[in-house]
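**Q** Pasting a structure here, questions to come.
Values in this text are rule-based calculations from the coordinates and carry no lab data. Since we're looking at a predicted model, the values are computed, not measured. For neighbour counting, all protein chains shown are included, and Cβ atoms are generated from backbone atoms with ideal geometry for every residue, glycine included.
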Amino acid sequence: MPKKPKTKKAGTVRKVIKPIDPSQPEKAEIEIHDADHLYKEIRIENKLVDSDGEKVKLKPNALVDVTVEADKKDTVRE
C-alpha cells in the first residue's frame, strides 16, 4: 500500500481544558509553532494510546508533533 503524502509540524500543549459538562471530553489546546498567527491553535480530545496500548493524556507544556496526511488522490503536484 503506498504511503500517504504528509507533513509534520512541532507544537506545544498550551493548556488542558476540563469540560464544564462531565459527559464531554477533556481537550488539549496545542499551539503549532510554524502556523500563521491567527491559526496557531487547535483543540483535540485529550485521549492518546501509548505503544503498550495504554490510554494516556497530554500534560500542559508537552512538546508534540502534529502530522497531517491525505490520500494521494486529494493532492496536486507543485
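**Q** Step through the residues of segment 16-22 one at a time and calculate ³J(HN,Hα) from phi using the Karplus curve (6.51 cos²θ - 1.76 cosθ + 1.60, θ = phi - 60°), rounding each to whole Hz and writing x for Gly and Pro.
**A** Here the 3J(HN,Hα) series is 10, 10, 6, x, 5, 9, x Hz.
**Q** Past 26 Å, Cα to Cα: identify those pairs from K9/K57; K3/K27; K9/K59; K3/K57; K47/K73; K3/K59, in the order given. Display every interim value, and only then the final one.
**A** Numbers: K9/K57 20 Å; K3/K27 30 Å; K9/K59 18 Å; K3/K57 28 Å; K47/K73 29 Å; K3/K59 31 Å.
K3/K27; K3/K57; K47/K73; K3/K59, as the Cα separations exceed 26 Å there.
**Q** What's the magnitude of the charge dipole for segment 32-78 around its Cα centre, counting Lys and Arg as +1 and Asp and Glu as -1 at the beta-carbon? Answer in Debye, nearest 20.
**A** On the way: 9 positive and 12 negative charges, 34 e Å.
The dipole magnitude comes to about 160 debye.
**Q** Can you bin segment 31-78 into rounded, prolate or oblate? Criterion: square roots of the alpha carbon gyration tensor eigenvalues sorted a ≥ b ≥ c, rounded for a/c under 1.5, prolate for a/b above b/c, oblate for the rest. Write down the numbers at each step before the final one.
**A** Working: a/c = 2.93, a/b = 1.37, b/c = 2.15.
Verdict is oblate for segment 31-78.
**Q** Sort the following peptides by mean Cβ neighbour count (other Cβ atoms within 10 Å, averaged over residues), highest first: 38-44, 28-34.
**A** On the way: 38-44: 11.7, 28-34: 16.9.
So the peptides 38-44, 28-34, ranked by packing, come out 28-34, 38-44.
**Q** As an exercise, identify the trypsin sites (Lys or Arg not before Pro) in segment 1-35 lying in DSSP coil whose Cβ has no more than 11 other Cβ atoms within 10 Å.
**A** Details: sites: K3, K6, K8, K9, R14, K15, K27; in loops: K3.
Within segment 1-35, the qualifying trypsin sites (Lys or Arg not before Pro) (loop, at most 11 other Cβ atoms within 10 Å) are K3.
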